[in-house]
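J.: Could you have a look at this structure, given as structure tokens, before my questions?
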């Protein structure tokens with residue numbers, strides 16, 4: 001089996017969303033996804049990685065990951081390249097699972113559980129307006145979630161008040177106004193529901209310190225990105241100021257950036273986003289690294305439907321996953337327009353996928369949408385041919401002489417990576 005074609009699908013309704021389909025010569029198709037800068041990711045896939053993978057064995061997932069990463073890490077490896085690698089990685093795991101007729105989590109080592117608790121990030125889409133309603137009826141929003149078995153929620157109470165000064169100044173009366181919904185929930189429901197605080201990195205350190213101290217009596221589940229994760233030493237100071245765990249961070253790419261927060265006192269929860277940080281392959285490594293430091297992981301969501309299923313496989317196969325993010329508004333609002341079958345949320349739990357591979361596929365109707373953009377790569381090119389001056393290789397005749405005369409190559413030794 002070889003990779004015969006790589007396809008990207010974008011839709012105008014969600015311009016930051018991009019699906020990736022990896023086709024094989026046997027007819028198996030793997031599905032991946034990522035979010036943000038979709039047209040840039042599209043270019044990375046078709047100009048950078050896609051031509052490299054055509055004709056390769058899709059089962060060699062780790063080899064492909066390392067080769068794509070090495071091809072991009074000289075430029076800093078973050079951003080579009082990493083999101084492209086993430087989407088391709090998920091699609092390759094999907095193919096492997098389909099080929100073996102097993103869900104991905106079974107290949108990753110088997111289930112340590114068959115469901116995982118979810119918390120609901122308050123969103124707004126269509127008829128579901130939790131993100132608005134929490135300001136006018138916070139207790140009602142929390143109670144509706146509890147009635148569905150969902151015992152955790154996440155909101156961003158301080159985002160709006162950060163806008164005027166870009167997080168550089170925080171007035172006490174503004175903070176008091178922002179925390180009113182959470183105070184009402186605690187007054188009426190006590191600790192029946194966990195409430196996480198997500199600040200989207202909008203504050204400087206002094207104001208973040210003020211927020212965590214003021215919120216301490218309200219006992220949030222965690223503080224997420226009160227400040228940018230660019231400086232783990234600043235996070236160490238923030239974590240030292242509160243008993244509430246700091247969760248870091250969806251913006252960190254690969255095990256190499258997560259390592260600094262896991263090994264230091266900068267955070268107590270690791271929060272990788274599977275579609276940004278390197279796919280299933282890399283999140284599994286991040287989880288193992290975190291487990292060595294007795295730290296849990298809480299995978300990030302709020303991107304698209306494929307991420308939720310990919311994270312489900314990580315959650316089932318990984319003992320130190322504590323909880324999974326879920327966005328009820330997006331799931332019930334538009335996810336089902338794109339994939340079938342859907343993932344299952346039952347009594348506040350994300351259930352283990354049961355189908356082979358990822359457990360879902362892209363609906364045929366997606367490609368028929370009037371706002372769809374589809375791009376395909378089906379020809380193979382080696383990176384050194386696309387960039388002939390990058391390497392100081394000997395001329396072809398000396399390369400051939402070396403290959404033919406070297407005993408280790410005659411013995412069949414092969415590099416892990418390919419050029």
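No lab work stands behind these numbers, since they all come straight from the coordinates. Keep in mind that what you see is a predicted model, and the values were worked out from it rather than measured. Here Cβ is always computed from backbone atoms with ideal geometry, including for glycine, and neighbour counts include all displayed protein chains.
J.: Hey, for a label at residue 332 modelled as a point 7 Å past Cα toward Cβ, could you say which residues of the range 101-140 have their backbone N under 16 Å away?
T.: 118-134, 140
J.: Here is a follow-up. What does the C-alpha gyration tensor say about the overall shape of the range 167-235? Classify as rounded when a/c is under 1.5, otherwise prolate if a/b is larger than b/c, or oblate.
T.: Since a/c reaches 1.5 but b/c is at least a/b, the shape of the range 167-235 is classed as oblate.
J.: From a point 7 Å beyond the Cα of residue 366 in the direction of its Cβ, which residues of the range 62-98 have a backbone N at a distance under 12 Å?
T.: Those under the cut-off are 91.
J.: Let me ask something else. Can you tell me the order of 278-284, 323-329, 125-131 when each peptide is scored by its average per-residue count of other Cβ atoms within 10 angstrom, highest first?
T.: The packing order, highest mean first, is 278-284, 323-329, 125-131.
J.: Hey, another quick one. Shape verdict for the chain, please, from the Cα gyration tensor: rounded (a/c under 1.5), prolate (a/b greater than b/c) or oblate.
T.: prolate
J.: With everything on Cα atoms, drop me the angle between helix 180-189 and the longest principal axis of the chain, reported from 0 to 90° to the nearest 10.
T.: The angle comes out at about 80 degrees.
J.: Sticking with this structure for a sec: If a/c stays under 1.5 just call it rounded; otherwise compare a/b with b/c (prolate if a/b is bigger, oblate if not). Do that for the range 106-355, with a ≥ b ≥ c from the square roots of the Cα gyration tensor eigenvalues.
T.: oblate
J.: Taking 0.36 nm per residue of separation and subtracting the Cα-Cα distance, what length does fully extending residue 143 through residue 210 add?
T.: Length difference between fully extended and current span is 21.2 nm.
J.: For the chain, give me the percentage of DSSP beta bridges that are antiparallel, rounded to the nearest 5 percent.
T.: DSSP beta bridges in the chain are roughly 60 percent antiparallel.
J.: Hey, another quick one. Sequence gap at least 6, Cα distance under 8 Å: using those rules, report the relative contact order of the range 1-47 to the nearest whole percent.
T.: RCO, the range 1-47: 35 percent.
J.: As I understand it, the value is the acute angle between the Cα axis of helix 61-72 and the longest principal axis of the Cα atoms of the chain; what does it come to in degrees, rounded to 10?
T.: 90 degrees
J.: A follow-up question, please. What's the center-to-center distance, using Cα atoms, between the range 178-201 and the range 6-28 in Å?
T.: Taking the Cα centre of the range 6-28 as reference, the centre of the range 178-201 is 39 Å away.
J.: In degrees from 0 to 90, rounded to the nearest 10, what is the angle of the helix 254-263 Cα long axis to the longest principal axis of the chain?
T.: 40 degrees
J.: Using only the Cα atoms of the range 84-165, construct the convex hull and provide its projected area averaged over every direction, in square nanometres to one decimal.
T.: With the hull built on Cα positions only, its mean projection is 9.4 nm².
J.: Additional query: In deg cm²/dmol and to the nearest 500, what is the mean residue ellipticity at 222 nm of the chain if only DSSP H runs of at least 4 residues count, each as -39500 (n - 2.57), divided by the residue total?
T.: So the helix-based figure for the chain works out to -11500 deg cm²/dmol.
J.: Still on this structure, I have one more. Under the definition of Cα pairs under 8 Å and six or more residues apart, what whole-number percent is the relative contact order of the range 106-355?
T.: 24 percent.
J.: For Cα pairs less than 8 Å apart in space and 6+ apart in sequence, what is the mean separation divided by the residue count of the chain, i.e. the relative contact order in percent?
T.: Dividing the mean separation by the residue count of the chain yields 22 percent.
J.: Sort 4-11, 363-370 by the packing proxy (mean of other Cβ within 10 Å over each peptide's residues), most packed first.
T.: 4-11, 363-370
J.: If you build a Gaussian network model of the chain, linking Cα atoms that sit under 10 Å apart, which residue out of 240, 38, 91 swings the most?
T.: Among 240, 38, 91, the largest mean-square fluctuation in the Gaussian network model of the chain belongs to 240.
J.: In nm, what is the difference between 0.36 nm times the number of residues separating residue 60 and residue 165 and their Cα-Cα distance?
T.: Using 0.36 nm per residue and subtracting the Cα-Cα distance, I get 32.9 nm.
J.: Tell me the label-point distance for the pair residue 100, residue 265, using the 7 Å Cα-to-Cβ offset, in nm and rounded to one decimal.
T.: Once both label points are built, they end up 4.2 nm from each other.
J.: Apply 1/(1 + (r/R0)^6) to the Cβ-Cβ distance of residue 172 and residue 200, taking R0 = 30 Å, and write down the FRET efficiency to the nearest 0.05.
T.: Between residue 172 and residue 200 the formula returns 0.90.
J.: Want the number for residue 233 to residue 74: 0.36 nm per residue separation, take away the alpha-carbon distance, what's left?
T.: Extra length available between residue 233 and residue 74 comes to 54.7 nm.
J.: Additional query: At a Förster radius of 25 Å, what calculated FRET efficiency corresponds to the Cβ-Cβ distance of residue 36 and residue 355, to the nearest 0.05?
T.: Efficiency computed from Cβ-Cβ geometry: 0.35.
J.: Between 296, 396, 58, which gets the highest mean-square fluctuation from a Gaussian network model of the chain, Cα cutoff 10 Å?
T.: Evaluated over the chain, the most mobile residue of the options is 396.
J.: Anyone know which of 156, 291, 405 comes out most mobile in the 10 Å Cα GNM of the chain?
T.: Among 156, 291, 405, the largest GNM mean-square fluctuation belongs to 405.
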